Every structure is written in structure tokens, then in C-alpha cells.
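Worksheet: the structure to be examined is printed underneath.
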Amino acid sequence: MIKVLLVDDQKILLEGLAKILAPLPDIEVIGTCTLSELAEEACLRLRPDLVLMDICMEGRTSGIQICARLKARFPELRVVLMTGMQEVSFLTRAKEAGADSFIYKESSGEAFADCIRATMEGQHIYPDVCGTSTLG
């Protein structure tokens, strides 16, 4: 069972992702955070295998900054960053922060589940500049 923590400031997205992932027998959403600053504490308490986190969130700290902190503190933790913006610089910044994978929010529920599974298997999923996913 892959234990997932969802981090996004949009409650509707958190609820939607949780409902999409809930029926899957190998993925369990163990918590959600609407503030990026709470992700580190949630990881301490809940011990997820993977954090699926938005890059651009309300508050002082971006998902990219939190990703770097999480990877430094919990090296075994997998982090998938997501965004709804087609900003090419996010891909480079996510890699530099240590994100294991990257997905666009307009991806299907199946693509999210596949990305989570592949990331847990050690693959690094990053879209190319055209928006399609590639393994790396």
C-alpha cells in the first residue's frame, strides 16, 4: 500500500484527488494539507511514502521550497510536484529541489495514479516541454 499525503491550497482539488485515488487498492490517501508550511509536520506525524504537492500555493513558501526541505529531512520520501501552469522553468526548479516526479493538474486520474506508482518504483516522471510525460 502506497501511503500518500496530498498538499494543495485548493480544497476542491484535494477532495477530487482523494476521491479518485480512494477506490485504488494499492494507494491510500492518509492526509491532506492546504498550507505548504504544514507539510513537513504532517510528514513527521503521518509518515507517508509519497507527497503529491502543488508548486504554487498561498502562503510564504512554494511547493518547490518545501520539496527541497522534505527531501533533505526525509531522504526516503518520494515527492511528486504538480501545477496547473505550463511554466517551463518549473520543471528545472523541481528537479533542482529533488522532486522525484512532476505532473500537470490537467492530467487524468489514471495518469496521477500511474505517476504515483512509477515514482514509488524509482522512476522519475517529468513532462517534456510539450506537456507529455517522459521517463527519466
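The values are calculated or read from the model by the stated rules, or taken from the named source; none is laboratory data. Worth saying up front: this structure is predicted, and the values here are computed from it rather than measured. Cβ: placed from backbone, ideal geometry, glycine included. Neighbour counts: every protein chain shown. To get the accessible areas, we keep the full protein, side chains included, count just its heavy atoms, and leave off ligands, DNA and RNA. Shrake-Rupley method; radii C 1.70, N 1.55, O 1.52, S 1.80 Å.
Quick notes on this structure:
- Rg then Dmax, both in Å and based on the Cα atoms of the chain: 13.2, 38.
- For the stretch 31-104, the fraction of C-alpha pairs more than 19 angstrom apart is 24%.
- Charges were assigned to the Cβ only: +1 to each Lys and Arg, -1 to each Asp and Glu. The resulting dipole of the stretch 3-99 about its Cα centre is roughly 220 debye.
- Based on the convex hull around the alpha carbon atoms, the stretch 7-49 presents an average projected area of 3.0 nm².
- Accessible area in square angstrom per residue, the chain, 1.4 angstrom probe: 50 Å²
- Ranking of R47, R93 by solvent-accessible surface, largest first: R47, R93 (1.4 Å probe, protein heavy atoms only, all chains present).
- Bridge type composition, the chain - antiparallel percent by DSSP, nearest 5: 15 percent
- Accessible surface of the chain, 1.4 Å probe: 54 percent of it comes from carbon and sulfur atoms.
- Amide H to amide H distances under 5 Å link V79 with V51, D100, S101, where only residues 5 or more positions off or on other chains count and H is placed in the peptide plane.
- Separation between Cα centres of the stretch 43-61 and the stretch 5-27, rounded to whole Å: 13 Å
- Gyration tensor verdict on the stretch 80-128 (Cα atoms; rounded if a/c is under 1.5, prolate if a/b is larger than b/c, oblate otherwise): oblate
- Restricting the stretch 5-87 to GluC sites (Glu not before Pro) in coil, as DSSP defines it, with at most 12 other Cβ within 10 Å: E58, E76, E87
- Residue of V51, V88, V80 that the Gaussian network model of the chain assigns the largest fluctuation, springs spanning Cα pairs under 10 Å: V88
- Net charge of neighbours whose Cβ lies under 14 Å from the Cβ of A118, counting Lys and Arg as +1 and Asp and Glu as -1: -4
- Relative contact order [Cα under 8 Å, 6+ residues apart], the chain, whole percent: 20 percent
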